[in-house]
Every structure is written in structure tokens, then in C-alpha cells.
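Here the structure is laid out as C-alpha cells; the discussion comes afterwards.
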Amino acid sequence: MAYRIVALVKTYDIPEELVINSDKTALHIGPSTDQTYDVKGVKDVKNLGKDNKRQIICTVSSAASGVLLPLQLIFQGKTTVVVPKDPGAVAVRAKGWHLTMSSNHWSNQQTMREFVD
């Protein structure tokens, strides 16, 4: 695959900035640890958030020129209400991050087209 990419880049004089590699990973948005803290000697220690399996998908991309492209975060929901609009979200959007949603938080053709645009 790498040789094919090199051949195409050389044949068609494609700039390194346009050769992009992307990957997706799931990120837990709640605590996902078995560690707990409580008073020493207590017989019952609650583990809050242990069953919280909520996730978002993060798309990470970089160009062959070495530039790390802005991230895409995909939230789960049926309406855009699930996409954060707080000051932190505004700040990352200003840096070029793409925050979007899908019904199951997975990447699909629509979210990929939005990301490329």
C-alpha cells in the first residue's frame, strides 16, 4: 500500500499536505476505572460510574507533511442537542475541531463528508 501511495504521489505530483491518514478511536466520557477511595476499614465501598459505558468517537488525522489535522468528535444522539455548546466546545471549534453527532456515535458517510468539508 505504501508503494502505491508513493507511486501515485510521484505520478500525479500530489502535495504532501493532501496525503492524509485517519483513524478512529472510542473515548469513554465517564469514569472507567475500578479504583475507588473511601475511609480505611469500610466494608462497603461504592464504585460510582463503573457501569457507565458512554463513549464518543474521535477521528485523528495527519498529513504526510507532518501536520496534525483538527480532531472530529462524534456524539451519540438523535438531535444536535447532544453536541456540546459550552465555552470549551466553542474554544475547540475555534481551533478547527469538528463536533457532530450520529444516532449511535459511530462514523458514517455523512459524518465523514462533514469532516472532509
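Read-outs throughout are calculated quantities, based only on the coordinates presented, and are distinct from any laboratory measurement. Computed from a prediction, not measured in an experiment: that's the story for all the values here. Please note: Cβ atoms are built from the backbone with ideal geometry, for glycine as well, and neighbour counts cover all protein chains shown.
Decide, for the chain, between rounded, prolate and oblate: order the square roots of the alpha carbon gyration tensor eigenvalues as a ≥ b ≥ c, take rounded if a/c falls under 1.5, and otherwise choose prolate if a/b is larger than b/c, else oblate.
prolate
Using R₀ = 22 Å, calculate the FRET efficiency as 1/(1 + (r/R₀)^6) where r is the Cβ-Cβ separation of I20 and T79; round to 0.05.
Numbers: r = 30 Å, r/R0 = 1.37.
The pair I20/T79 has a calculated efficiency of 0.15.
Compute a Gaussian network model of the chain, connecting alpha carbons closer than 10 Å, and tell me which residue from T79, T11, T59 fluctuates the most.
Among T79, T11, T59, the largest mean-square fluctuation in the Gaussian network model of the chain belongs to T11.
For region 68-73, just list the computed ³J(HN,Hα) in residue order, Karplus coefficients 6.51, -1.76 and 1.60, θ = phi - 60°, integers in Hz, with x standing in for Gly and Pro.
7, 7, x, 7, 10, 10
Can you tell which of L69, L18, L99 shows the greatest fluctuation in a Gaussian network model of the chain with Cα springs below 10 Å?
Judging by the Gaussian network model, the answer is L18.
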